[in-house]
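I have placed the structure first, in the form of structure tokens, so that the comments after it can refer back to it.
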Amino acid sequence: MRAAVIGMRHGHVSEFIRAVDENPALTLVGIAEDEPTVRERVKSEHSVPVYADFGQLLEREQPQVVGVVTTNATKYRALSACLELGIHAIADKPLLTEMEQLKQVRAAFGKGKARLSMMLSQRFSATHRALKAQVEAGAMGEIVHMYGFGPHKLRPHTRNSWELDAAQNGGVLVDLGVHYFDSLRWFSGQEPVRVAAAQGNTRFPELPQLYDHAHALMEFDGGMKGIVVADWLTPDAAPYHGDYRLYITGTRGTAEISTAGTLEASGPNKSGGVRMALNDKEPFDLDIPPLQHTPTSDFLDALVHDRDPYVSGAEVLRSMAVTLYAKAAAESGDWVKIPAR
């Protein structure tokens, strides 16, 4: 199977290239990058043809699957073009940044010519998958509320200009919060019906186009309440990139996922994990079985073996839609209704 890359604008592209290299059924045949400086670097690092225009790449190299890692606000162009041509596509998160972009990608995907996915890393986290199994088995009882916290280090001097501009990166709720909006849906099995949100920039006033923090409150059709917090406020001197947390409270117990970046995990427990407490069981650490796939390797393996991927294109588009409704709520300052699928 012939694979190609459109855009080399974020380090997450390495996941796609690595997954292609590790799958004997795939071959990387070309790369497209429209930014001249980045394109020259790519030429020096890769031995495949490199194009300035992704249309030329698609025409000349005839890939069957593409990894899209352009700037956030432009991914929809390559995704729509690929899906229209029957080329499977997976993108780094977020898939897109505006409702009109979502409509265009959804229409192209709806023609049924190709599969679509997004690098939703939490669905492919061993800790998240282990807790998901507990929730599905009923260990937590009925879920009452969930909190997702996704702080990151910004380090502006290491960022490209588009990463510091909400119009291009989608804003912090879209760029970072999408993981937690997806996780709230995935863990609960419920759909949000309305959302309120707020965002601002407090730490980085010298970057007026940036939102460095945002909060969202959601109500779900099954009665659950959810909170998502995303920010660029991880301290510069912290030994971790982000203190990522996911809390679940149910009628039978509570659970917390902490990643290797948490304050606690920077000490003796460097691997992070899942801590649970149940009505009839004192706090304990959940066993975490290893996982075989990343978001990209699962998607590619599904294409090679003609099976359903773990995350469907419909799920990806729904989580992006929910995320964009949260963005609309932050921009309006009002509660926003979220239509059913």
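Could you tell me the calculated FRET efficiency between residue 332 and residue 18, based on Cβ-Cβ distance and R0 = 51 angstrom, to the nearest 0.05? All intermediate terms of the calculation are to be shown ahead of the outcome.
Numbers: r = 41 Å, r/R0 = 0.79.
The value I calculate is 0.80.
Sparsely packed loop sites in segment 186-267 (the GluC sites (Glu not before Pro) outside DSSP H, G, I, E and B with at most 11 other Cβ atoms within 10 Å) comprise 206.
With contacts taken as Cα pairs under 8 Å and at least 6 residues apart, segment 69-162 reaches a relative contact order of 25 percent. Taking the Cα of residue 206, stepping 7 Å toward and past its beta carbon, and measuring to each backbone N in segment 133-176: which are under 11 Å? So the set is 156-157.
Sorting 120, 278 by the number of Cβ atoms found within 10 Å of their own Cβ, with the fewest placed first, yields 278, 120.
Candidates 65, 333, 110 compared by Cα position along the dipole of the chain: farthest toward the positive end lies 110, with charges placed on Cβ. The P(r) of segment 104-147 has a tail past 14 Å containing 67 percent of all C-alpha pairs.
Segment residue 284..residue 99, full-extension length gain: 62.3 nm, with 0.36 nm per residue of separation and the alpha-carbon distance subtracted. The alpha-carbon atoms of segment 154-238, seen along their principal axes, cover 44, 26, 19 angstrom, with the largest extent given first. Over segment 2-114, Cα pairs under 8 Å with separation of 6+ residues give a relative contact order of 26 percent. Largest GNM mean-square fluctuation among 32, 196, 277, using the chain with Cα springs under 10 Å: 277.
To the nearest ten degrees, helix 313-332 and the longest principal axis of the Cα atoms of the chain are 70 degrees apart.
Placing +1 on the Cβ of every Lys and Arg and -1 on the Cβ of every Asp and Glu, with no other charges, gives segment 182-341 a dipole of roughly 340 debye about its Cα centre. Helical content alone sets the calculated 222 nm signal of the chain at -9500 deg cm²/dmol, taking -39,500 (n - 2.57) per DSSP H segment of four or more residues and averaging over every residue. Taking amide hydrogens as modeled 1.01 Å from N in the peptide plane, which residues meet the under 5 Å criterion relative to residue 211, leaving out close sequence neighbours? Excluding prolines and chain starts, which carry no amide H, the hits are 166, 172.
Only the Cβ atoms of Lys and Arg (+1) and of Asp and Glu (-1) were treated as charged; on that basis the dipole of segment 35-87 about its Cα centre amounts to roughly 100 debye. Relative contact order for the chain: 18 percent, from Cα pairs under 8 Å spaced at least 6 residues apart, divided by residue count. What the pair-distance distribution of segment 1-97 shows, using all Cα-Cα distances binned every 5 Å from zero, is 3, 15, 28, 29, 19, 6, 0 percent.
Since every read-out is calculated from the coordinates, none of them should be taken as a lab result. Please read these numbers as outputs of a predicted model, since none were measured by experiment. Positions of Cβ are generated from backbone atoms using ideal geometry, with glycine treated the same way; all protein chains shown enter the neighbour counts.
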